[in-house]
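The next block holds one structure in the form of structure tokens; read it before the comments.
The values are calculated or read from the model by the stated rules, or taken from the named source; none is laboratory data. It should be emphasised that the depicted structure is a prediction, and the values quoted were computed from it without experimental measurement. Areas reflect the complete protein model, heavy atoms only, side chains present, ligands, DNA and RNA absent. Shrake-Rupley method; radii C 1.70, N 1.55, O 1.52, S 1.80 Å.
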Amino acid sequence: MGAAFRRISVNFNSRVCPASLRLGQFLALFRLDGEWLNFIANQEKSCSDAQWKAFCQQCKTDANFDPVKDGPLKAAGLLAARVNHWGKVWQRFAEAPVNYPGVVEWLKRAAPKAPGMFDSAEVWPSINESEERALQNALEALVDRPQNEVIRGIAALEAVHADRRAYPWQKLGLSPLATALQPLAQLAELCRTAPGAPTPEVYAAAYASDGWRVDAAALATMAACGSPEQHGAVLGTLRAVYLPWLENTARHLQQLIHADGQTVSRRAKPIEPAPGRMVVFADGLRMDVAQQLAARLTATGIASTQDWEWSAIPSVTATAKPAASPMADLVTGGAGGDEFATRLIASEQLLTQDRFVTALKERSWQFLGADETGDPAGSAWTEAGALDKRGHTEGWKLARSVDTEVRDMVSRITALLNAGWSELVVVTDHGWLLMPGGLPKVELKAFLTETRWSRCAALKAGAQTDAQVFKWHWNPGVMMASPPGAGSYRAGIEYSHGGVSLQEMVTPVLRIKSAQPGAGAARLLEAKWTGAKCRVLVAGPSAGVRVDVRTSQTDPGTSLLADKQARDTTADGRVTIFLENDADIGKQAEIVLLESSGQVIHCLTTTLGQ
């Protein structure tokens, strides 16, 4: 065709094509050299007569299609048939359908009014829409059924609809229910049985090993959901499968702990200070989210070991955070009216955040703010993440925010390691329960309690109740009521903690050793910006290493370079990189050094262009 047609979207400048040649919005045609046309709806294209004739002739030759006589409706039919040249056209469309938004509308117009047995949702979006409606109706019919029936029903639906996730409509967001069905089916399979154990410790260890996968599948299902109007059937079916499993496992743990002295004892002593030791406290880091964190760290080249620890009864921050801290031996419990807060033994004052920080410093621990890296020659405590805050605010929609929270924690951990800390210990205070539509309401009369929250209550001395009671971690003389199973003392609560369940009580502990490069390893030495251009110098052996600029160091998709491609360094460790968009100048980002496998081995925080 010649250079003028190397890009089919080229501007044909000499004259406006006749109105009869308007093609509307559709994929158009696949050229022999892989280029594409994408005409825009109801817009006239300017082209010379010679260019237009050449184009039409190629259409006839390659695709048996005349743009003037046949039009986009026939083109859509040929595209769906996928015969000969049109099979290549379809393949290109299916690889990146978002690039050709007009195709869907024309395929809808060209679809058979009465689909036959050989017509497929793979090529006809209207059939895919019908199957989405059928899936919604089927899920809605399962919402009020017994759990075992729902599990069988979900498995049957997955067998029917799984293939639709490989169709182009999924990439366009036109198969939201089929997309959410995948983790829902995983959840249903995992919920077929509710395991038990002879002791609280054995039960907790089993949960820390594999049981968390149930919660991970539930969280993934919720994260795949949009509005309740769109995904109400998925959320309702999730509840029908997941809630009975939560109820059964929570009741079993409650029975085990109640029979074992009505309390649990933490497995480890308070963390001791040591040079280079950093404790990262992440409020509400549940076991399944910690597994996501560990996997993300591994993907960036940071190894961690995972263990578990008991939370405290009740599993709320005021009680459990001091227990997870280096100053656990400095506090005790007061009265039931203290709202589960501890008191300093020395002064008998309630432990506020300011007093917590002061006590840490008196024990030679640095307390670091969110952006501080401190002095690695000593010991430090820092707090990261907002999972618990988000949960109380967002309810089940917290599931959508988990990935962002995990990324932020990886960035924080990496920054601390790069600052020279040799050991990081990631701890938390409690996990949580998350249930769309709210946890089941349980009654507990207010006059029996000193303090009553959704998942726990401090009973008045001598209160008589048939509620299951446990000893307060900090004062065994104060009894704590916990709702049976996954219940709540307040109605309409989707996110909560404070009770006795595997999710709330079995908390993760991650230990990370420094991933700092050794003396002979490659590392970023300096970066000098001149506008959108940056000259980067790498120290150490630079063969095979690459440099990228990202807003999130662990996510290649956040690259700010052209084509989102990292750049190779020269033999002497130099590389010049350019921002794709000058508008990014002034923003905060990270220059990352990548080994050949793509793992991050070093990074520098930078202000772009400065």
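How high is the relative contact order of region 531-610, in percent, with contacts defined as C-alpha pairs under 8 Å that are six or more residues apart?
On the way: 173 pairs, mean separation 28.8, N = 80.
RCO, region 531-610: 36 percent.
Checking the a/c ratio against 1.5 first, then a/b against b/c, what shape does the Cα gyration tensor give for the chain? Mind showing how you got there, number by number?
Details: a/c = 3.05, a/b = 1.51, b/c = 2.02.
Cα axes put the chain in the oblate bin.
Take every Cα pair under 8 Å in the chain that's 6+ residues apart, average their separations, divide by the length, and report that relative contact order as a whole percent. Provide the component values of the computation, followed by the final result.
Numbers: 1195 pairs, mean separation 69.7, N = 610.
Result for the chain is 11 percent.
For region 409-512, just say rounded, prolate or oblate: build the C-alpha gyration tensor, square-root its eigenvalues into a ≥ b ≥ c, call rounded for a/c under 1.5, and beyond that prolate if a/b exceeds b/c, oblate if not.
prolate
Take the alpha carbon gyration tensor of region 454-513, find the square roots of its eigenvalues, order them as a ≥ b ≥ c, and report rounded if a/c is under 1.5; if not, report prolate when a/b exceeds b/c, else oblate.
Working: a/c = 2.93, a/b = 1.44, b/c = 2.03.
Verdict is oblate for region 454-513.
Ratio of region 59-216's C-alpha Rg to 2.2 N^0.38 Å, to two decimals?
Region 59-216 yields a ratio of 1.44.
Of all DSSP beta bridges located in the chain, what percent are antiparallel, nearest 5?
On the way: 57 of 71 bridges.
Once the DSSP bridges in the chain are tallied, antiparallel ones form about 80 percent.
Measure nothing fancy, just the Cα-based angle from helix 71-81's long axis to the longest principal axis of the chain, in degrees from 0 to 90, nearest 10.
Computed tilt is about 60 degrees.
Relative contact order for region 251-335 using alpha-carbon pairs under 8 Å, separation at least 6, rounded to a whole percent? Mind dumping the intermediate values first?
On the way: 42 pairs, mean separation 31.6, N = 85.
Reported as a whole number, the value is 37 percent.
Any idea of residue 513's accessible area? Nearest 10 Å², probe 1.4 Å.
Surface open to solvent at residue 513 totals about 140 Å².
Counting only protein heavy atoms and using a 1.4 Å probe, what share of the accessible area of the chain belongs to carbon plus sulfur, as a whole percent? Walk me through the numbers on the way to the answer.
Values: 13450 of 26680 Å².
About 50 percent, which is the carbon plus sulfur part of the accessible surface.
Plugging the Kirkwood radius over Cα pairs into Stokes-Einstein for region 312-369, at a temperature of 37 °C and a viscosity of 0.692 mPa s, what D comes out in µm²/s? All intermediate terms of the calculation are to be shown ahead of the outcome.
Details: Rh = 11.6 Å.
Approximately 283 µm²/s, per Stokes-Einstein.
Size of region 423-482 along its principal axes in angstrom, Cα-based, largest extent first?
48, 34, 16
Can you give the alpha-carbon Rg of region 192-266 over 2.2 N^0.38 Å, where N counts its residues? Mind dumping the intermediate values first?
On the way: Rg = 15.1 Å, N = 75, 2.2 N^0.38 = 11.3 Å.
Rounded to two decimals, the normalised Rg is 1.33.
Pull out the extension gain between residue 539 and residue 140, defined as 0.36 nm times the separation in residues minus the alpha carbon to alpha carbon distance; nm, one decimal.
On the way: separation 399, 0.36 × 399 = 143.64 nm, distance 6.01 nm.
My answer for the length gained is 137.6 nm.
Tabulate in residue order the Karplus-calculated ³J(HN,Hα) for region 94-111, using 6.51 cos²θ - 1.76 cosθ + 1.60 with θ = phi - 60°, rounded to whole Hz; enter x for Gly and Pro.
5, 5, 8, x, 5, 6, 10, x, x, 4, 4, 5, 5, 5, 5, 5, 7, 5
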